[in-house]
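Note sheet for the following structure.
The values are calculated or read from the model by the stated rules, or taken from the named source; none is laboratory data. Keep in mind that this is a model prediction, so the values were computed, not measured. Cβ: placed from backbone, ideal geometry, glycine included. Neighbour counts: every protein chain shown. Just so you know, the surface numbers come from the protein's heavy atoms only, side chains and all, with ligands and any DNA or RNA stripped out. Shrake-Rupley method; radii C 1.70, N 1.55, O 1.52, S 1.80 Å.
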Amino acid sequence: MGYKTTIGLEVHVELKTESKVFCGCSTAFGQEPNTQVCPVCLGLPGALPVLNKKALEYIIAVGLALNCEINEDTKFDRKNYHYPDLPKAYQISQYDKPVAKNGYLDIEVDGKIRRIGITRVHLEEDTGKAIHGEDGSYLDFNRSGVPLIEIVSEPDLESPEEARLYLNKLKNIIAYTGVSDVKMEEGSLRCDANISLRPEGTEEYGNVVEVKNMNSFRSVKKALEYEEIRQAELLDMGQEIVRETRHWQETEGYTFSSRSKEEAHDYRYFPEPDLVPMSISKEQIERIRESMPELPDQKKERFVSSYGLPVYDAEVLTESKELASLFEDIVASFNQPKKVSNWLMGEVLRLLKDGGQELADMPLKSEDIVELLKLVDNDTISNSAGKVVFEEMFKTGKKAMVVIEEKGLKQISDKEELVALVRDVLNKNEGQVNDYHNGKEKLFGFFVGQVMKISKGKANPGLVNEILTEELNRLK
Amino acid sequence: MIYAKTAHELHQLLIKGEISSKEVVSAVLERIDGVETDINAYITINEEALAQAERADRMIRDGKATPLTGIPVAVKDNMSTKGIRTTCASNMLKDYVPPYNATAVEKLIEAGAIIIGKTNLDEFAMGSSCENSAFKQTKNPWDLSKVPGGSSGGSAAAVAAGEAIMALGSDTGGSIRQPAAFTGVVGLKPTYGRVSRYGLVAFASSLDQIGPFARDVEDAANLLSVISGHDPLDSTSIPGKESDFSLDGASVKGLRVGIPKEFMTEGLDPVIRDAINRAAQLLEDEGASVKECSLPHSEYALSAYYIIAPAEASSNLARFDGVRYGLRVSGDNHTDMFIRSRQEGFGPEVKRRIMLGTYALSAGYYDAYYKKALQVRNLIKQDFDHVFADFDVILSPTTPSVAFGLGEKVDDPLSMYLSDVYTIPVNMAGLPGLSLPFGFNNGLPIGVQLIGGLWQERKLLQVGKVLEQATGYVPVVPERGDR
Ligand SMILES: [Zn+2]
C-alpha cells in the first residue's frame, strides 16, 4: 500500500549573544568546565533572572526573517522537570505567548516552490551538559542559560528530502540574520523531528513518532528515511504505530524506542513570576525590521535582476552570506558578473569542497581575486594558467603576481616573439605542413599544441591562432 | 540598657562619640548570651560582628555614618549571606554557605550596619509559629509558653527580646506582620517591588517581600529607606520610586480611614476588636475620619493563597535535589538520589505544600485551581482599588488573636493558616502593610495593621507615628533572664 508521509521539525538554535539570556556570564564555546557560571545560571537559592535585551532583539529578527507575526504581549513561563543538568529544575521558556508565530519559509522542490508553515518561535534558556566518564558523571554549567530559540514547523513537510531542504533554508536564513552560528556540529543548531504515515487517500494523520539525536542534516534525512520504511512495514503488516520517542543510532543507522509518549512529562507550565510580562512595541519591531540584512530570497532575486545572472548561479551564490558578499565585493571592482560567478562557482567552491573547508578558511581577500581576474582578462596570463595560479594562491595566500613570477607563467603576447615560435614549429614539421595544405585541416590544432608546448603554455592562444593562420597562408 | 534602645537613639550616641559600635555590638552579644537559651531566636551568630563594628566605628570617625552605621541588625535565615551559612531552617540547607549577598544584605553592609546573626524561621518560611523549623523552637519573649509567630519569628523575637536592635524578615502572607504583632514590635511588609528579592530564597515569588522589624516606627522607616530601591538584579523591583520615608510633620488631619467590615466578624478576638476601636478613636481625635469599608472578596483570599503560594513553591523548591549544593543522600541513580535527598531534606509542612502546589499545576487541574486562584487574586486587587478610591488607609487587626500556645495548632494546619487571614489579602494585592504594637492583653502584645495603596509606605509610617505619639508609646523589652 502507498503511504503519505507527514513531517514536522522542532529546531533549537543557540543565539550568539555575548552574555547569557538571564545573567551576565559569557557564552563563549569550548571553555574550561564551570568557569562561566554565576549564582543565576547555577540556580543557587535566591538568585533571579534578568532578561538580556539583545536576545529578545535577536529572536524578533528571526521571527521577522521567517515571516512571523510578532506577539506584542509576550511572557515567560516555567517548564518544570527534574534533570541533573537543569539547575533550577525548571527551564525558563515560553508556553502560550511565544515571541513570534504564524510564519513560513519557502523551499524549492523539483523546481516548484513549497511554502512550509512556521507555527511558533520562542525564547528559552539552554541546559548544562552532563559528561559521563568512567569514574562517574560530571556536570558542566557553562552552557546553562545560553539563549536558545525553538522554531516549530507546521506538519507541512512530505518527505525526508523536504525536511533536509527546509533545514538548509532555515539555517541559511538564520545565518543571514547574523544571530547564530547555526552549526550543528557545535550544537548551536539541534533538530528533533515528528513523523507520521497515513494510507494514501486518507485524511487523518497517523500516530506521531518523535525522532531525536540526529547530529547533521544528512542524519536527519537518513533517520526519517529509516522511519518511513519502518512505519510502512508495520502498517503493511496491519500493526499500529506506537506513539513514542525514538533515538537515531548514527553509526548503525537505525532508530530505537526511548520513551513512550504516554509517559510523557507533565511540565506543569505556569507564568514565570520572576520576570515581568513584556510588551514589544510596534516601533521596536520596525526598528529591528529596518536594520535587518537582506535575506537569501531577496538577494537571489536582486542577483538575477541587477547582475543578469542565471537563476541557478544566483541560487548557489546566495546560499551562503559570505559567498554572496564576496561576489559583490569582486564585482564592485571587476564588473563582469557572469565571469566572476563562473570563477566562484567553479574554482572557489571546488577547492573548498576538495579541502573540506569553509569560505572563512580561504586566505584570500576579494581584491586578490580581482587582481587575478584582471590579469586573465588583459591576457597577462591565459585562462588555464589562471586556474593554476589561483590554486596556488588559495593554498598559500600569495598574491597573483608573485605566483606568476615564481612559476614564470606570464603569457607571451609579443607578436614578434610569437611569430618566431610559430615559424620554428612550421619549419620543424614540413611534412605536416604539406599534409595541411593538401586538405588535412585538422592539423591546425596540432600546430597550436606544438607552439603551446615549446612556450610552456605561456603563448597567448588567440594570437597564436591568428599568426599561425597568416604563416600557413604565406607558405601555401 | 544599650540593647533596649532604638537605633535612632543609639545613632545619636554613636555620632556624639558617647558610645562605640563595638560597645553596642558587645552589649547585644551579651544579651544574646543571657537570653538566647530561652528564646532561640538565632540559627547562626555572625562571628564577624565585632570586626564589622570596628569598621563601623571608622565610618563614624570619618563622618560617614548613616542612621544604621554600627547598629546590630538580625537577618532572617532565608536571605543569602556571603560566607555565612543560610539554612532556611531546613535540613536541606543545613550546611549551605552562599557565595553571594542578597541585595538587601549588601545594602545593610554598605550602610555600615552590623549583621549580628541569622534568625530562625519556619522551614523555607512556610508556617506561622516557627514550629516548622528543622532546628529549634523560637519562643515568645513575653511568654515562653507562646509562639513568636512566623515565619519570621526569630527576627521578631530577637528585636523584641533585645537580641538585636532591628531585623529583616520576609513576608509572603503575613510572615513579618503576624510575628511583629505577637511579639510587640513594628513590622512592615512593603509594596511588592519596593525591596529587591535578589538573594531571598524564594517561597512564593509573586508574593514574597523583604521588610523591616524595629522597636518603633522611626527605626522601621530608616531601615526601609536603606533596603529599598530598584535593583537591576531583580526584574520585579520597580525603578523610580522615592526612598524618603521621613516622618516630619506626620499628621492625620483630614485622613480618611476605612475599617473593613469583613475583618471585624466572629473570628476576631474581642480584645483585638477593642484595640482597633481604640485606635480608630485616637485617629478621629487627631482629626481623621473613620468609616466602615468593604473588601467583599477577602473571604476567598486564604483559599486562593493556598493555591498560588504552594504552586510557586513547588517549582521554587524543585532545585533542591542534592546535585550542586545542600543535602545529598546517595541513591542507585540520579532520580533515586533526588527522591532520597528530598525525602530527608524537607519537613512535613514543606512536603505538604510542595504536593499541594504540584497538584494545582498538574495537567487537567491548572484551570480549576491555579487559573481560578489568579482570577480571585484579581478580584481582591479590585476590592482594594475600590476602597482606596474613597479612603487613604485601612485600619484592621493584624491577627485574629494574640500569640497562641506552643503546640496548640501544630496538628491543625487549617487553624494555623487562619492566623494569617487579615494579612494574606495584602500580599495578594501587592500592597504595603504595617503592623504596630498596640497595648497588651494578659501580658501578651496586641498588633494593629495599617494597609495602604501601592507605594504608600510613607503615609502608613506617618499614621503609625501619630498613633505612637497619641498613645505615648515607649518601646519595652521584656525583663528576662539577664543571667
Ligand atoms: Zn551566569
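Brief remarks on what is shown
- One residue stands out among those in the stretch B:1-25 that are touching a residue at least 60 places away in the same chain (Cβ under 8 Å) and hydroxyl-bearing (Ser, Thr, Tyr): the one that is surrounded by the most Cβ atoms within 10 Å (Cβ to Cβ), which is B:SER21.
- Within the stretch A:379-419, the set of residues being more than 18 Å from A:LEU364 (Cα to Cα), in a loop (DSSP other than H, G, I, E, B) and without any contact (Cβ under 8 Å) to a residue 24 or more places away in the chain comprises just one member, A:ASP414.
- Taken over the stretch A:456-474, the residue count meeting the criterion of being open to solvent by less than 70 Å² (accessible area, probe 1.4 Å) and over 44 Å from the mean Cα position of the chain (by Cα) is 7.
- A single entry from A:ASP106, A:ASP110, A:ASP135 fulfils the requirement of being at positive phi and away from the ligand (no atom under 16 Å from the Cβ): A:ASP110.
- A:LYS453, sole failed condition from (1) closer than 21 Å to A:VAL389 by Cα; (2) buried (at least 16 other Cβ atoms within 10 Å of the Cβ); (3) out of contact with any Asp or Glu (no Cβ under 8 Å at 6 or more places or on another chain): (2)
- Output for the stretch B:74-100, where each listed residue is surrounded by fewer than 22 Cβ atoms within 10 Å (Cβ to Cβ), in contact (Cβ under 8 Å) with a residue 40 or more places away in the chain and at the interface with chain A (Cβ under 10 Å from one of its Cβ atoms): B:TYR96, B:TYR100
- Sole residue being surrounded by fewer than 24 Cβ atoms within 10 Å (Cβ to Cβ) and either within 21 Å of the chain's Cα centre (by Cα) or farther than 26 Å from B:GLY162 by Cα (or both), chosen from B:GLN375, B:GLN469, B:GLN449: B:GLN375
- In the stretch A:65-75, the residue that is nearest to A:ILE280 (Cα to Cα) out of those that are surrounded by fewer than 21 Cβ atoms within 10 Å (Cβ to Cβ) and without any contact (Cβ under 8 Å) to a residue 60 or more places away in the chain is A:GLU69.
- Hey, A:ARG289 within 14 Å of chain B (Cβ to nearest Cβ) and either touching a Ser or Thr at 6+ places or on another chain (Cβ under 8 Å) or in a helix (DSSP H, G or I) (or both) or not: no
- Helices (runs of 4 or more DSSP H) fully within the stretch B:291-398 counting 2 or more residues that are without any contact (Cβ under 8 Å) to a residue 12 or more places away in the chain: B:334-345, B:348-361, B:372-390
- In the stretch A:183-215, residue surrounded by the most Cβ atoms within 10 Å (Cβ to Cβ) [restricted to those that are out of contact with any strand residue (DSSP E or B) (no Cβ under 7 Å at 6 or more places or on another chain) and more than 18 Å from A:ILE149 (Cα to Cα)]: A:THR202
- Where B:LEU121 falls short, out of the listed (1) farther than 30 Å from B:ILE2 by Cβ; (2) within 14 Å of another protein chain (Cβ to nearest Cβ); (3) in contact (Cβ under 8 Å) with a residue 40 or more places away in the chain: (1)
- Residue satisfying all of: in the stretch A:6-64; in a loop (DSSP other than H, G, I, E, B), away from the ligand (no atom under 13 Å from the Cβ) and more than 21 Å from A:LYS183 (Cα to Cα); most open to solvent (accessible area, probe 1.4 Å) among these: A:LEU51
- Only one of the listed residues (A:PRO273, A:PRO277, A:PRO296) is crowded, with 19+ Cβ neighbours inside 10 Å and within 30 Å of A:LYS75 (Cα to Cα). That residue is A:PRO273.
- When the criteria are applied in full, A:TYR104 meets the requirement of being in contact with a Gly (Cβ under 7 Å, 6 or more places away or on another chain), of a type in the set (Ser, Thr, Tyr) and assigned by TED's automatic domain parsing to the domain that holds A:VAL179.
- Selected residue (only one of A:GLU200, A:GLU244 is more than 30 Å from A:LYS321 (Cβ to Cβ), in contact with a Gly (Cβ under 6 Å, 6 or more places away or on another chain) and not basic (Lys, Arg)): A:GLU200
- No other residue among A:SER333, A:SER306 is loosely packed, with under 13 Cβ neighbours inside 10 Å and over 30 Å from A:PHE76 (Cα atoms) apart from A:SER306.
- Qualifying residue in the stretch B:223-232 (condition: within 14 Å of chain A (Cβ to nearest Cβ), open to solvent by less than 20 Å² (accessible area, probe 1.4 Å) and touching a residue at least 12 places away in the same chain (Cβ under 8 Å)): yes
- Looking across the stretch B:320-335 at every residue that is more than 7 Å from chain A (Cβ to nearest Cβ) and either within 16 Å of A:ALA130 (Cβ to Cβ) or of a type in the set (A, V, I, L, M) (or both), the one that is most open to solvent (accessible area, probe 1.4 Å) is identified as B:ASN333.
- Unique residue being without any contact (Cβ under 8 Å) to a residue 12 or more places away in the chain and within 29 Å of the chain's Cα centre (by Cα) when the list is A:LYS53, A:LYS4, A:LYS101: A:LYS53
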